[in-house]
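Colleague: My questions all concern the structure below.
The values are calculated or read from the model by the stated rules, or taken from the named source; none is laboratory data. Here the structure is a predicted model, which is why all the values come from computation and not from measurement. FYI the Cβ positions are ideal-geometry reconstructions off the backbone, even for glycines, and counts take in every protein chain you see.
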Amino acid sequence: MRNAVLFFLFSMVLLQTAAASAGLLLRFEEKGAAEGKPQSMTFQLEGKKLRLEYPNGRLLIFDGEQQKLWNIDTRQKIYSEITQADAARIKEMREQREKEMKEQMGKMPPEQRAQIEQMLEKMKQESVDAPRKLTFEPIEGNKKTGAGFSCKPHRVIENGKTIEETCFIPWKESGLSLQDFQAFDAFEQFLKKIGADMKNQGRIFQELKQSPGIPAHVATVAQEKSSRREQELTRLKSGDLPDNPFVLPEGLQKKTTSAPPGGASRN
């Protein structure tokens, strides 16, 4: 009896370990990109680790456990690295620049100083803005994407305006949960530390928290000065990932960087 209990407990530990180490692969194809050529982006996630492959040979790897971010150019075989220590240094540099700017502003005419103060306040506000609040209005019927995913169409509304028409794979039908995407949350928290532009980068996880499922097809509604773009999920795989997708590739030359890196958003 005791051996049976021990075997049961051991089996549960193995199952939990396997579940914790299971990865997730998503590939999106975007239309309406440069030169009208479809562009694909591939995400690999596992725990607090993220790998993002761009179509131009650029590669981003984030390790949330080590708090390291690598920005890689596979064509030129170079990379930059940002760590938690770098985040503190970048913050200190930013604060020093703000101090110097305020000192220079003290020597400016009142009207010019007021304009710069207004500009700085706007920049500061944009950097700390809360994630945009979205509502989702179901559209009647079900659809299938070109990749064969069944999804439910919705209008995505912000501030009373429809900004996207998105077809979601419902969470229950996907077999996944928000926990499977925690790497995005860890990445977004890291971006905040280094002062990156959160308007375009730091909202994937926040929007998934609000969404009725996983976006299988996204079509932006054309606004003034912007064209319509479409993005479709072409691959979704849960399970084991290729060996060591979250380690720095060999044969690269390190380059220093002082600026926060770019990131990605699904729109």
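Colleague: Could you list, in sequence order, all residues of the range 39-80 that are assigned to a loop (DSSP other than H, G, I, E, B) and either within 12 Å of PHE246 (Cα to Cα) or in contact with a Gly (Cβ under 9 Å, 6 or more places away or on another chain) (or both)?
Modeller: Correct list: GLY47, LYS48, GLY64, GLU65, GLN66, THR74, ARG75, GLN76, LYS77.
The rows are residues; the columns are (1) of a type in the set (Ser, Thr, Tyr); (2) within 18 Å of TYR54 (Cα to Cα); (3) within 18 Å of the chain's Cα centre (by Cα).
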residue	(1), (2), (3)
TRP70	no, yes, yes
ARG75	no, yes, no
ALA85	no, no, no
GLU92	no, no, no
GLN96	no, no, no
LYS99	no, no, no
PRO109	no, no, no
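Colleague: Looking for something in contact with a Ser or Thr (Cβ under 8 Å, 6 or more places away or on another chain) and part of a strand (DSSP E or B) - is there at least one such residue anywhere in the range 176-192?
Modeller: No, the range 176-192 has no match at all.
Colleague: With under 21 Å from LEU26 (Cα atoms) and modelled with pLDDT under 90 as the only criterion, which of ALA147, ALA88 stands out?
Modeller: Every option except ALA147 fails the conditions.
Colleague: Now for a different question. May I ask you to list pairs of residues, at least six apart or on different chains, whose Cβ atoms are under 9 Å apart, with the first in the range 203-222 being in a helix (DSSP H, G or I) and the second being of a type in the set (Lys, Arg) and buried (at least 18 other Cβ atoms within 10 Å of the Cβ)?
Modeller: Listed pairs, sorted by first residue: ILE204/ARG266; GLU207/ARG266.
Colleague: Determine the pairs where a residue that is assigned to a helix (DSSP H, G or I), located within the range 114-126, has a partner that is at pLDDT below 65 with Cβ atoms under 9 Å apart, the partner being 6 or more residues away or on another chain.
Modeller: Cβ pairs passing all conditions: GLU126/ASP197; GLU126/MET198; GLU126/LYS199.
Colleague: Out of the residues in the range 43-85 meeting the condition of being among the β-branched types (Val, Ile, Thr) and touching a residue at least 60 places away in the same chain (Cβ under 8 Å), tell me which one is nearest to PRO215 (Cα to Cα). Give the steps one after another, and end with the answer.
Modeller: Initial filter on the range 43-85 (among the β-branched types (Val, Ile, Thr)): 61, 72, 74, 78, 82-83.
From what's left, touching a residue at least 60 places away in the same chain (Cβ under 8 Å): 61, 72, 74, 78, 82.
Details: ILE61: 22, ILE72: 27, THR74: 29, ILE78: 33, ILE82: 30 Å.
Per the stated criteria, the residue is ILE61.
Colleague: When the residues of the range 170-198 are narrowed to those that are within 18 Å of GLY239 (Cα to Cα) and either buried (at least 18 other Cβ atoms within 10 Å of the Cβ) or polar (S, T, N, Q) (or both), which ends up farthest from the chain's Cα centre (by Cα)?
Modeller: Looking at the filtered set, the residue picked out is SER174.
Colleague: A further question follows. Would you tally the residues in the range 147-172 being on the phi > 0 side of the Ramachandran plot and part of a strand (DSSP E or B)?
Modeller: Of the residues in the range 147-172, 0 are on the phi > 0 side of the Ramachandran plot and part of a strand (DSSP E or B).
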